[in-house]
Amino acid sequence: MTSTQTTDFDAIVVGAGFGGIYQLHTLRDKLGLRVRGFEKGAGIGGTWYWNRYPGAMSDTESPFYRYSFDDELLQEWDWARKYIDQPDILRYLETVVDRYDLRKDFRLNTEVTSIVFDEATNTWTVGTSAGESFTARYVVAALGLLAATNIPDIPGIDSFEGRLVHTAEWPEDLSIEGKRVGVIGTGSTGTQFIVAAAKQVSHLTVFQRSAQYSVPSGNGPVGPGEVDGYKSRFPEIWEQVRNSGVAFGFEESTVAATDVDEAERERVFQAAWDRGNGFYFMFGTFNDIAINPESNEAAAAFIRRKIAETVKDPETARLLTPTQPYAKRPLCNQGYYDVYNQDNVKLVSIKENPIVEITPRGVKTADGVEHELDVLVLATGFDAVDGNYRRIDIRGRGGVSVDEHWADAPTSFLGIMTAGFPNMFMILGPNGPFTNLVPSIEAQVEFITTLVTEAERRGGLIEVSQQVEDEWTETCTTIANYTLFPKTDSWIFGANIPGKKHAVMFYLGGLGAYRGLLSEIQAKDFEGFSIGQPIPA
Ligand code: FAD
Ligand code: NA7
């Protein structure tokens, strides 16, 4: 039964990134609900508010890293380069927020510290860092899947007398121009930073734990007429994106690398290298790079050869050459390996020569060298997917916390709801799609909006059972095990955080299949969800 008690709001949305912004808009403007958004940052934008490090940009190409729900906005918003950089994405999101007059319903500088379900009234109470609390019938957690920073526990880290900064907390006043800079981490963020920083700093020391496969991004100015060309084809483009696997705006290959000879493989890899984009290299070349070890090795060997051809110093080239399978989130950067030919850039492999401590003056490695630095940048990534959930006291039925519920691993049904937390939805929760994310966010926001519409119509709570959740986990595990991704340690399985249990955290079946499931579920009267009825025991 729906509570008869009046709540402060009908719905509370936590987070003002791509997810929270669109969700606040749909619940407020489509359903006419009273909605309040809370965001701990001083501005909207989520990822693109926080990540202001030099070189921060999308690695989804410009036409596809945006909302698709507003046809007019698609026509109005231009782009000048193949990829959009952080200031432009932030400007875009600011524009969306103003366009729909959403700002007035977001409370900024407000961290949500607790989200607690009251079984007597069937309502949620949301507590904030300001000591206030607000009630609502629905809560949508749009906390971000790459938003809880991972700060490594290195001895002496607090003693550093220069500037110590995580890439996702880049201070406005920090310039690295002409400085001696060190960076720990060479993932997607680290490699973007390294390429940009090498042009600005007096000296850059890169502390690399794992060598990475990176391909060119193909970034550069868009050609004449290119933007208009996309604009005239947007309806078909989005149709293709929504029905594809990784949703990156290209047709995924249907040819297996094992079905062609070596010369053809080389030709296809070279064409992809010249075209640019990490996901294209992994999924646009052949259809088995991420699943067949032989095909994966062919792609990996191609990139390793490029490293050997590019990097002049053989020892640096050796250290940069990965030996593990090509099975992390694919990276792309323009000129990443070339950077190491610059005299002002030094690579330190902390696998071979570990960091012993951070001193007031810099970073000391096992070989006894103290690398003196003015700025030390932590490009060490995030406690991905469930990180931000565990930083809030979220309690559902029976006072069970989300931390307890996810003691073994973070789980959910469809990345949207988790058992025991009625009327609480997640955007990009555990085991949601692994894709270019804005189209997946749109799919989830729209589905959540449909679920709330239904709950409003029928009255009562909406929730999922443990059985449904377990079955979805099983589906995601089966698909993940069919791929090579579990063969490497990365945030995709929670392997980057010391002490975090490795677990499947994504649905790797693709956006097209995911959307197909959502439609099927809806057609079967929301199969798997219980709406306005007691949940099956
Ligand atoms: P976010 O944008 O992360 O927003 C979540 C918000 O919730 C944050 O603002 C956070 O402050 C807020 N929040 C969290 N906890 C609380 C709390 N307790 N109280 C109040 N507020 C809270 N994806 C792609 O598809 N393509 C790309 O090219 C790409 N590039 C990326 C580059 C970087 C550097 C990073 C970090 C991520 C990138 N991503 C990319 C992933 C990106 O996070 C998503 O595309 C998208 O921006 C996620 O939007 P979101 O709204 O779900 O989460
Ligand atoms: P990633 O991909 O998790 O990369 C983090 C990097 O930091 C990676 O090279 C890690 O090495 C390294 N790292 C992490 N912890 C440590 C410690 N303790 N010591 C040394 N080095 C460490 O995060 P990103 O921010 O680059 O990218 C995340 C996503 O955001 C990305 O996919 C985009 O979607 C945007 P490792 O490789 O694990 O050995």
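Odds and ends about this structure:
- Scanning the stretch 366-421 for residues that are assigned to a strand (DSSP E or B) and within 21 Å of the chain's Cα centre (by Cα) turns up VAL377, LEU378, PHE382, PHE413, MET417.
- Taking every residue in the stretch 107-120 that is closer than 17 Å to ALA42 by Cβ and in a strand (DSSP E or B) and pairing it with any residue that is among the hydroxyl-bearing types (Ser, Thr, Tyr) and at pLDDT 95 or above, at least 6 positions away or on another chain, the pairs with Cβ-Cβ distances below 7 Å are VAL112/THR128.
- Counting only strands (runs of 3 or more DSSP E) wholly contained in the stretch 132-215, the ones carrying 2 or more residues that are closer than 30 Å to ARG390 by Cβ and more than 13 Å from ligand 2 (Cβ to nearest atom) occupy 133-141, 163-166.
- Selection count, the stretch 342-365, where residues are in a loop (DSSP other than H, G, I, E, B) and closer than 29 Å to THR310 by Cβ: 8
- The stretch 319-341, residues that are hydroxyl-bearing (Ser, Thr, Tyr) and in a loop (DSSP other than H, G, I, E, B): THR321, THR323, TYR326, TYR336
- Test: residue in the stretch 180-202 that is in contact with a Phe, Trp or Tyr (Cβ under 6 Å, 6 or more places away or on another chain) and within 30 Å of LEU518 (Cβ to Cβ): no
- So SER58, is it crowded, with 18+ Cβ neighbours inside 10 Å, within 16 Å of ligand 2 (Cβ to nearest atom) and either polar (S, T, N, Q) or modelled with pLDDT under 95 (or both): yes
- Output for the stretch 147-165, where each listed residue is of a type in the set (A, V, I, L, M, F, W, C) and surrounded by 14 or more Cβ atoms within 10 Å (Cβ to Cβ): ALA147, ALA148, ILE154, ILE157, PHE160, LEU164, VAL165
- When the residues of the stretch 177-226 are filtered to those that are hydroxyl-bearing (Ser, Thr, Tyr) and under 19 Å from the mean Cα position of the chain (by Cα), the one that is farthest from ligand 1 (Cβ to nearest atom) is TYR213.
- Criterion applied to PRO325, PRO314 was being within 20 Å of VAL206 (Cα to Cα) and surrounded by fewer than 22 Cβ atoms within 10 Å (Cβ to Cβ), and the one residue passing it is PRO314.
- Looking across the stretch 266-294, just one residue is among the polar types (S, T, N, Q), without any contact (Cβ under 8 Å) to a residue 60 or more places away in the chain and crowded, with 24+ Cβ neighbours inside 10 Å, and that is THR285.
- Neighbours by Cβ (under 6 Å, 6+ apart or cross-chain): first from the stretch 485-499, under 11 Å from ARG329 (Cα atoms); second within 15 Å of ligand 1 (Cβ to nearest atom): PHE485/ILE492; THR488/LYS328; SER490/LYS328; TRP491/GLY381; TRP491/ALA384
- Across the stretch 477-486, not a single residue is classified as under 15 Å from the mean Cα position of the chain (by Cα) and farther than 19 Å from ASN287 by Cα.
- Consider the stretch 431-479 and keep the residues that are more than 16 Å from ligand 2 (Cβ to nearest atom) and part of a loop (DSSP other than H, G, I, E, B). The one that is farthest from SER412 (Cα to Cα) is GLY459.
The values are calculated or read from the model by the stated rules, or taken from the named source; none is laboratory data. Note that the coordinates shown come from a computational prediction; the quantities given were computed from them, not determined experimentally. In this analysis, Cβ positions are derived from the backbone assuming ideal geometry, glycine residues included, and neighbour counts consider all displayed protein chains.
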